[in-house]
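J.: Structure below; questions to follow.
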Amino acid sequence: MLKEGVTGNGTTNVQPGDIKYRDLDGNLEIGDADRTIIGNPLPKHTGGFANNFSYRGIQLHLFFQWSYGNDAMNANRIIFEGNALNRMNLNQYSSYENRWTPDNPSNTLPRIGGQGLRGVYSSRTIEDASFIRLKTFSLGYDIPSQFLKRLHINSAQVSLSAQNLLTWTKYSGMDPEVSVRYSALTQGFDYSAYPRSRSYTVDIRLTF
C-alpha cells in the first residue's frame, strides 16, 4: 500500500520498482490532468556547409549537414528497456540490466512489468536529437600524364566517395534524423526505423 501523501501511478496495484509519473495537478492521482507537452520535434535551426579542396591533382569534397534543438521520441526503449508488450523471449537492450530489483533499487529503469499505464508516453524516452553529419565525402586523384602516355590514355582519375559516413549526436537510437509516422503532428517519432544507409562508391574515369 502507498504511504499517505505519496502519488500513485495510475494503476491499481502499485509495487516497489514501478515507474513514477509526475503529479502535475497535485491531487496525488495520475490522470488526464497530468498530461503535458514533453518534447519539441522542431529544430531551432538546420543547415549545411560544403568545401572543396584541391592540391596537386588531389580533390577533396566535404558536405556537412546539421540539425539543432529538436527532440525525438525513442519509442524503441519502451519495448526494449522494459518489455511493455509483455512477450516471452523478447530480447532487451543491455541497459535493462540496471532495472529495479530488490537487490538493485535503481532509479533508472522500472522493474519487470513495472511500466505503468499502457499506451502512455513519458519524458523518460524523449531525447535530444541534435546532430551533425558528414553527409558526403569524396576524394579524387588525377593520375599524372607521364604515367599514361605508354598506355595511350589522355587522362585518368580515380575517386572514392561515401554517403552518411559519420554522425555526431547524443541520441541513443540508430539515427537521429528519424520520423516513422509521416505526419506533421508526429515528427521525430522513432520506432523500428531503418537508419540512413552508409554507401561507398569507387569511380575510375578514363579518357582516350
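The values are calculated or read from the model by the stated rules, or taken from the named source; none is laboratory data. Note that this is a predicted model, so its numbers are computed, not measured. Glycine also receives a Cβ, built like all others from the backbone with ideal geometry; neighbour counts cover every protein chain displayed.
J.: I'm trying to understand the selection: among the residues of segment 65-82, which are surrounded by fewer than 20 Cβ atoms within 10 Å (Cβ to Cβ) and at positive phi?
T.: Gly69
J.: Can we say Leu166 is hydrophobic (A, V, I, L, M, F, W, C), within 30 Å of Lys44 (Cα to Cα) and either part of a strand (DSSP E or B) or outside the structural domain of Val14 (by TED's automatic domain parsing) (or both)?
T.: Values: hydrophobic (A, V, I, L, M, F, W, C): yes; within 30 Å of Lys44 (Cα to Cα): yes; either part of a strand (DSSP E or B) or outside the structural domain of Val14 (by TED's automatic domain parsing) (or both): yes.
Yes, satisfied.
J.: Within segment 108-142, how many residues are in a loop (DSSP other than H, G, I, E, B), on the phi < 0 side of the Ramachandran plot and buried (at least 17 other Cβ atoms within 10 Å of the Cβ)?
T.: Going through segment 108-142 one residue at a time, the tally reaches 6.
J.: Restricting to segment 137-154, count the residues that are closer than 11 Å to Ile58 by Cα and either modelled with pLDDT under 85 or of a type in the set (Ser, Thr, Tyr) (or both).
T.: 2
J.: Look through segment 181-203, keep the residues that are of a type in the set (Val, Ile, Thr) and over 19 Å from the mean Cα position of the chain (by Cα), and return whichever of them is surrounded by the most Cβ atoms within 10 Å (Cβ to Cβ).
T.: Residue satisfying both the conditions and the ranking: Thr201.
J.: Now, a different point. Give the residues of segment 118-161 that are farther than 30 Å from Gly69 by Cα and touching a helix residue (DSSP H, G or I) at 6+ places or on another chain (Cβ under 9 Å), sorted by residue number.
T.: Residues satisfying the conditions are Ile153, Asn154, Ser155, Ala156.
J.: Any chance you could count how many residues in segment 17-70 are hydroxyl-bearing (Ser, Thr, Tyr) and assigned to a loop (DSSP other than H, G, I, E, B)?
T.: Here is the first cut: in segment 17-70, the ones hydroxyl-bearing (Ser, Thr, Tyr) are 21, 36, 46, 54-55, 67-68.
Checking the rest, the ones that are also assigned to a loop (DSSP other than H, G, I, E, B) come to 21, 36.
Final tally of qualifying residues: 2.
J.: Restricting attention to segment 92-109, does a residue exist that is more than 20 Å from Leu62 (Cα to Cα), free of Cβ contacts under 8 Å to residues at least 24 places away in the same chain and not assigned by TED's automatic domain parsing to the domain that holds Asp18?
T.: No: segment 92-109 contains no residue that is more than 20 Å from Leu62 (Cα to Cα), free of Cβ contacts under 8 Å to residues at least 24 places away in the same chain and not assigned by TED's automatic domain parsing to the domain that holds Asp18.
J.: Could you please tell me which pairs satisfy a Cβ distance under 9 Å, a separation of 6+ or placement on different chains, a first residue in segment 180-208 that is under 11 Å from Ala75 (Cβ atoms), and a second residue that is among the small types (Gly, Ala, Ser) and modelled with pLDDT under 85?
T.: Thr186/Ser179; Gly188/Ser179; Phe189/Ser179; Phe189/Ser183; Asp190/Ser179; Ala193/Ser179
J.: Okay, next question. Only one of (1) within 26 Å of Ser54 (Cα to Cα); (2) touching a Phe, Trp or Tyr at 6+ places or on another chain (Cβ under 7 Å) fails for Ser130. Which number is that?
T.: (1)
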